[in-house]
Amino acid sequence: MSFRSVAAKNVVARMAWVMAITGVALALAGLANVSAIRAQSPQSASPPRMRLPDEAAGLDDIVRTLIAAFDQADIVALGEWHGRIRLDSDLRIALVRHPDFAKQVRSIVIECGSVTAQAILDRYIRGENVPRVQLERAWKATDETTNGFCDAPEYADFLTAVRDVNSRLPADARIRVFGGHPGPGTHRGIETTAVSVLKEQALQKHGKALAMFGAAHFYRALPEEILSSMGDDMGIARKLETEFPGRTFVVIPVGPLDLPRGVTGGIAPNFQKFDRALKTSVRPVLVSLQRLPFRNFSAEEFLGRTVTTCRGAGGCVSAFKGSALTLGQMADACVYVGGGANVDTKAKTR
């Protein structure tokens, strides 16, 4: 995940999911007319009213819960954890391969695909013979801001999985994959582009869509200092709520992340809080962030390593430092992968 860069702004956001792969700092966008943006939306976007199981344990239960969520929401925003790509890949491929997914969803919007390469994506997903070097243009065009994490083979594996699913479906029931990244040489932001595609391809057609971007793109709330510097790219869920309130279900990953480069301190997450509150020992597990005690857990503690700022003389620190934001304000649910060191392993089914 990444935010677009504006060189004139002295605000740097380090996104830990990206940095786990690239070690590259990414910049948050900034626009001068901050007051207008604040007038458009509140500090946090309100979640929809969702009926969820207390715990969906294991990959199979998580997939069934996400598919059922489409009965209550039009957009399921599945936040990616770019530093744990295998877990991301296991979940999203299991999701699209489930036989009930295509009955609900016709559109998938991805960060690792550019709107400039939509024709290539369409041809490949339809099953046409597209040379690999040509297909790569779909995600190579995002390198300007993704810093290359889209080159990971798991992203191509996902496109192949959708192509394979479509090969078994009649033409009028097939899934389309849309690039949600603006591509190089544009001043349009990622969130603005993604929202435009989701509106055009799903919401305005009364359809359903799966959105897959780095999780911080979906955060429902951000510290005021960061929010005020982001301009119109203020988050996908936040932007959708201004026009289509209550129609987006946000799911983010929670688990151990290394400190971003340049950051020397911060709160070390105490994952025993999650473990003690859960009945199941199976990981990963999908948990509603709208129920106690999870909704009151500190965003600084569990998400503080995902966005940092290097503004000021104190060096790089968590953008959530000193923030009172909670996990319940950040997203509707999370996929908790556990707090151990072995979270890179293949996700478990149940």
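The values are calculated or read from the model by the stated rules, or taken from the named source; none is laboratory data. Quick caveat, the model's predicted, so the values are computed rather than measured. Cβ: placed from backbone, ideal geometry, glycine included. Neighbour counts: every protein chain shown. The accessibility values were calculated without ligands, DNA or RNA, using every heavy atom of the protein model including side chains. Shrake-Rupley method; radii C 1.70, N 1.55, O 1.52, S 1.80 Å.
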The range 329-341 residues that are in contact (Cβ under 8 Å) with a residue 60 or more places away in the chain, paired with ones that are of a type in the set (G, A, S) and in a loop (DSSP other than H, G, I, E, B) (beta carbon under 7 Å, 6 or more apart): Y336/G255; V337/G255; G338/G255; G339/G255
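Among V282, V287, which is the only one that is of a type in the set (A, V, I, L, M, F, W, C), farther than 20 Å from A324 by Cα, surrounded by fewer than 21 Cβ atoms within 10 Å (Cβ to Cβ) and in contact with a strand residue (DSSP E or B) (Cβ under 7 Å, 6 or more places away or on another chain)? Give the derivation first.
Numbers: V287 fails: surrounded by fewer than 21 Cβ atoms within 10 Å (Cβ to Cβ).
Of the residues listed, the single one that is of a type in the set (A, V, I, L, M, F, W, C), farther than 20 Å from A324 by Cα, surrounded by fewer than 21 Cβ atoms within 10 Å (Cβ to Cβ) and in contact with a strand residue (DSSP E or B) (Cβ under 7 Å, 6 or more places away or on another chain) is V282.
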Unique match (being in contact with a helix residue (DSSP H, G or I) (Cβ under 7 Å, 6 or more places away or on another chain) and either free of Cβ contacts under 8 Å to residues at least 40 places away in the same chain or of a type in the set (D, E, K, R) (or both)) among R137, R106, R132, R123: R137
Residues being open to solvent by 20 Å² or more (accessible area, probe 1.4 Å), among the hydrophobic types (A, V, I, L, M, F, W, C) and either within 21 Å of K140 (Cα to Cα) or part of a strand (DSSP E or B) (or both) - total across the range 63-92: 1
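This table checks each residue for (1) surrounded by fewer than 17 Cβ atoms within 10 Å (Cβ to Cβ); (2) closer than 24 Å to S89 by Cα.
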position	(1), (2)
D258	yes, yes
R261	yes, no
F271	no, yes
R291	yes, no
F294	no, no
E301	no, no
Which numbered condition T264 fails, given (1) within 30 Å of Q201 (Cβ to Cβ); (2) more than 23 Å from the chain's Cα centre (by Cα): (1)
Selection within the range 223-248 - buried (at least 24 other Cβ atoms within 10 Å of the Cβ) and closer than 19 Å to L66 by Cβ: I236, A237, L240, T248
